[in-house]
Every structure is written in structure tokens, then in C-alpha cells.
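Engineer: My questions will all concern the structure given below.
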Amino acid sequence: MTVPPARRGYAMPAEWAPHRATWIAWPHHRADWPGKFAAIPWAYAEIVRILSRHERVCILVQDAAMEHRAKGLLRKAAVDLKQVDFFRIPTDRVWTRDSGPIFVKHKDGGRIATHWKFNGWAKYPNHKRDDLVAPRIAKAANVPEYRVVHGRRDVVLEGGAIDVDGRGTLMATEECLLSPVQARNPGLGREGIERVFREVLGITQVIWLGRGIAGDDTHGHIDDLARFVGPGQIVLCEEKNPKDENYVILNENRERLQSARDASGRKVDVIPLPMPAPLLFDGMRLPASYANFYIANNVVIVPTFNDPNDRLALGLLAELFPRHVVVGIHCVDFVWGLGTLHCATQQEPL
């Protein structure tokens, strides 16, 4: 396949569009949660329990032994295993949002799994198995693969670096995709990456925000910062404490969004989403954010942090998604891995 997907009528759907399945990887890399790993499989069991009531859940496992252990744990958590599929696709880490394929869809129902190079967020050297996840998921899902190349170079992109409205608008941060720090595509530049988005994902308007939140080791992923919740509607994290390091970051991004327009030319409605109080562990600021929610069929799962703002965030998202059940999942231990629910999931559109 050499003709880019968008030239053939494909585009990336919004996350709230109907899903065939959610793809996740079963946790195994203990170094991502030093001292807290024992709690993580149970957090995954809760994710699978909730999602599997609404759509299929496809789980990547390292081998038969891991599949057996995962099934036993899921049974204890009262998961209906008839709604779960297992695939022996080895991973380095569990963040399928970033290593998995980004699916695009044609109006006739056809789908393509776009395969972007994964380089460990331009930071971690152990990413070779994760770099093979996207084509292996494409094969497992029986969906054609499109390898994203610019010139002779594979284009690097993680799913958590972008968010779309399904109508031609994409959000990303300059810190993640244009900075020389943890540079994904040196030399490609703003114009180059926008061209790739246009040809591969069907994007006609990119809204560029500035920096991502404190504690984010990806160097500015959008999915901890701002998310589309409907056409022309964006939730943006809000920090009210002037002494918090996120205060200036989030205010600058709000100013950008207030003057932004989407692909249809309209100004976007910016809805403030509260932030939890700073969450620290072992002296380290963690990227705790309610914006890392995941929209599945008829349900939205939201990270919670034993914080008074948990209920405010859940209430706001329930108002924004009146046709969905909004469920909080405890992520104080989970976020020690420097990601939560959206980072761990990747949707496959129906």
C-alpha cells in the first residue's frame, strides 16, 4: 500500500465513535512500578471487567504462562472471559496507546491500521518489541497495515501525542512533536508533521498547544492535558493554585485554545477540567490527570486519585457524556508507572 490512507478516503474517527474492541497489554514490566507492581494486575482486571461489559477486550500477553495467569486473575475479578480475546504478542511495556496501531476508517466501513515507528518516547532504549506491536495487532485484527514513511524515513508518533474530533481536527503539543528534547522526527518540522497528519489521518486543522503537564515523562502528551469530548468541545485541565508548576502551563494553553478554531472554522468551547492535588511518590511528581480518561462503547473510565476533585471530574464528564456510564478507577498506584487509563488502551473502530 503506497497511496496514503486519506487520499483513498480514510480518516481517524473520534474516540467516541463505535468500537469493535479495545486493545491492552497485560502488565509484566515490574520496573515500571517499583515497589507497587503487585497492585497493577488487579487494576487491569478492573479495567477489563468494566470495558468487557460494553465491548470486546483484546489482551496482549508474553506467552502461554502469562495468559494462564491473567485468565485466573480475571476469573477471580468476575470478568466474563467470553468477552475477552488473548494474543501472544510480546511487549516491552503495556502502553498500547503509544505502541499500538492508530486505526483509520473509510466511509464504506473499511479500516486500515496505520503503523508509526515507536522509539520508546525518544527516551527509553528497551522498545524493540513494542515497535513490532502495531503490525502484529493489524495482523491479529485482520486489518490491512499502512507503514507511515516520510521520504525514506519512518515517522515516529505515539497515540497519546494526539487527540482528534473525527471531523478533521487534531490537537497536539509543540513540546512533544516539535521540541529538540526527546525529538521524535528531527528535521520534519511543523509543516512536515501537519502534511503527514493530513495524508494519513485525514486531518485538515491542527490545534497546537504549548507544554504538557508536570511529571509527564513523554515530554508533552496531549492526553494528560486536553481532550475532545464532542465536535467543537474540548476539556482542558485547570490548576487554580498559582504556586503549582502546572498553573502557568495550563493558563498558557487556555489562551491558545480560546483563539483556536477547528476544521469547520468555528471557535472551540473550552471546558475546564479540575486537576487533582500534586501526587508525589518517592520524591517524584507523577502525571496525575483526569484528562487521561478513555471513551469506550457506552462507558467512560476515568482515573481517580483519592482526591476531593475526583467527584468533580466524574460529575463534569458525566454531564458531557450523558449517554455513557462514567466510572472512576483508582489510579494512585497505577500512575506510578507514569501513565493511566488512556495510555493503557487503544481503540479499534467498528
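The values are calculated or read from the model by the stated rules, or taken from the named source; none is laboratory data. All of these numbers come straight from a predicted model, not from anything done at the bench. FYI the Cβ positions are ideal-geometry reconstructions off the backbone, even for glycines, and counts take in every protein chain you see.
Residues checked against (1) surrounded by 22 or more Cβ atoms within 10 Å (Cβ to Cβ); (2) of a type in the set (S, T, N, Q); (3) in contact with a strand residue (DSSP E or B) (Cβ under 6 Å, 6 or more places away or on another chain):
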site: Y247; (1), (2), (3): no, no, no
site: L257; (1), (2), (3): no, no, yes
site: R285; (1), (2), (3): no, no, no
site: F305; (1), (2), (3): yes, no, no
site: L316; (1), (2), (3): no, no, no
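Engineer: Starting from residues that are of a type in the set (K, R) and free of Cβ contacts under 8 Å to residues at least 12 places away in the same chain, keep the ones in region 126-185 and report whichever is surrounded by the most Cβ atoms within 10 Å (Cβ to Cβ).
Structural biologist: Once the filter is applied, the top-ranked residue is K139.
Engineer: Among the residues of region 74-86, is there at least one that is in contact (Cβ under 8 Å) with a residue 60 or more places away in the chain and either surrounded by fewer than 16 Cβ atoms within 10 Å (Cβ to Cβ) or of a type in the set (G, A, S) (or both)? Steps first, answer last, please.
Structural biologist: Start the filter on region 74-86 by keeping residues that are in contact (Cβ under 8 Å) with a residue 60 or more places away in the chain, which leaves 85.
Subset that is either surrounded by fewer than 16 Cβ atoms within 10 Å (Cβ to Cβ) or of a type in the set (G, A, S) (or both): 85.
Scanning region 74-86, I find at least one residue that is in contact (Cβ under 8 Å) with a residue 60 or more places away in the chain and either surrounded by fewer than 16 Cβ atoms within 10 Å (Cβ to Cβ) or of a type in the set (G, A, S) (or both), so the answer is yes.
Engineer: Which condition number does G328 fail, the rest of (1) under 30 Å from G110 (Cα atoms); (2) touching a Leu at 6+ places or on another chain (Cβ under 7 Å) being met?
Structural biologist: Failing condition for G328: (1).
Engineer: Say whether the condition of being surrounded by fewer than 21 Cβ atoms within 10 Å (Cβ to Cβ) and more than 20 Å from A45 (Cα to Cα) is met by at least one residue in region 323-334.
Structural biologist: So far as region 323-334 goes, yes, one or more of its residues are surrounded by fewer than 21 Cβ atoms within 10 Å (Cβ to Cβ) and more than 20 Å from A45 (Cα to Cα).
Engineer: I'm checking my understanding of the structure. Among residues of region 97-107 that are modelled with pLDDT of 95 or more and touching a Gly at 6+ places or on another chain (Cβ under 8 Å), which one is nearest to C343 (Cα to Cα)?
Structural biologist: The first filter runs over region 97-107 and keeps only residues modelled with pLDDT of 95 or more, leaving 97-106.
With the extra rule that they be touching a Gly at 6+ places or on another chain (Cβ under 8 Å), the set shrinks to 97-98, 100, 102, 104, 106.
Values: R97: 5, D98: 7, G100: 11, I102: 13, V104: 19, H106: 25 Å.
If we take residues in region 97-107 being modelled with pLDDT of 95 or more and touching a Gly at 6+ places or on another chain (Cβ under 8 Å), then R97 is nearest to C343 (Cα to Cα).
Per-residue answers, yes or no, for (1) under 19 Å from the mean Cα position of the chain (by Cα); (2) in a helix (DSSP H, G or I); (3) among the aromatic types (F, W, Y); (4) on the phi > 0 side of the Ramachandran plot:
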residue	(1), (2), (3), (4)
V3	no, no, no, no
A14	yes, no, no, no
W23	yes, no, yes, no
A39	no, yes, no, no
C58	yes, no, no, no
L74	no, yes, no, no
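Engineer: Within the group G215, G265, G220, which residue is in contact with a Cys (Cβ under 7 Å, 6 or more places away or on another chain) and either at pLDDT 95 or above or assigned to a loop (DSSP other than H, G, I, E, B) (or both)?
Structural biologist: Values: G215 fails: in contact with a Cys (Cβ under 7 Å, 6 or more places away or on another chain); G265 fails: in contact with a Cys (Cβ under 7 Å, 6 or more places away or on another chain).
When all the criteria are applied, what remains is G220.
Engineer: Give the residue that is surrounded by the fewest Cβ atoms within 10 Å (Cβ to Cβ), with candidates limited to residues of region 1-50 that are closer than 24 Å to D80 by Cβ and of a type in the set (S, T, Y).
Structural biologist: So the residue we want is Y44.
Engineer: If you scan region 279-326, which residues turn out to be in a loop (DSSP other than H, G, I, E, B) and in contact with a Phe, Trp or Tyr (Cβ under 7 Å, 6 or more places away or on another chain)? Spell out how you get there, then give the answer.
Structural biologist: Filtering region 279-326 for residues in a loop (DSSP other than H, G, I, E, B) gives 279, 282-283, 286-289, 293, 297-298, 305-308, 321-324.
L279, L286, A288 - these are the residues of region 279-326 that are in a loop (DSSP other than H, G, I, E, B) and in contact with a Phe, Trp or Tyr (Cβ under 7 Å, 6 or more places away or on another chain).
Engineer: If R195 passes every condition in (1) of a type outside the set (A, V, I, L, M, F, W, C); (2) in a helix (DSSP H, G or I); (3) under 23 Å from A291 (Cα atoms); (4) over 14 Å from the mean Cα position of the chain (by Cα) but one, which one does it miss?
Structural biologist: Here R195 clears every test but (3).
Engineer: Can you tell me which of T204, T218 is buried (at least 21 other Cβ atoms within 10 Å of the Cβ) and among the hydroxyl-bearing types (S, T, Y)?
Structural biologist: Details: T204 fails: buried (at least 21 other Cβ atoms within 10 Å of the Cβ).
Going through T204, T218 in turn, just one is buried (at least 21 other Cβ atoms within 10 Å of the Cβ) and among the hydroxyl-bearing types (S, T, Y): T218.
Engineer: I need every pair where a residue in region 301-321 that is on the phi > 0 side of the Ramachandran plot has its Cβ under 6 Å from the Cβ of a residue that is modelled with pLDDT under 95 and surrounded by fewer than 20 Cβ atoms within 10 Å (Cβ to Cβ), sequence separation at least 6 or different chains.
Structural biologist: Listed pairs, sorted by first residue: none to list.
Engineer: Taking the condition β-branched (V, I, T) and either in contact with a strand residue (DSSP E or B) (Cβ under 6 Å, 6 or more places away or on another chain) or part of a loop (DSSP other than H, G, I, E, B) (or both), does I234 pass? Talk me through it step by step, then tell me what you get.
Structural biologist: Working: β-branched (V, I, T): yes; either in contact with a strand residue (DSSP E or B) (Cβ under 6 Å, 6 or more places away or on another chain) or part of a loop (DSSP other than H, G, I, E, B) (or both): yes.
So I234 passes the test.
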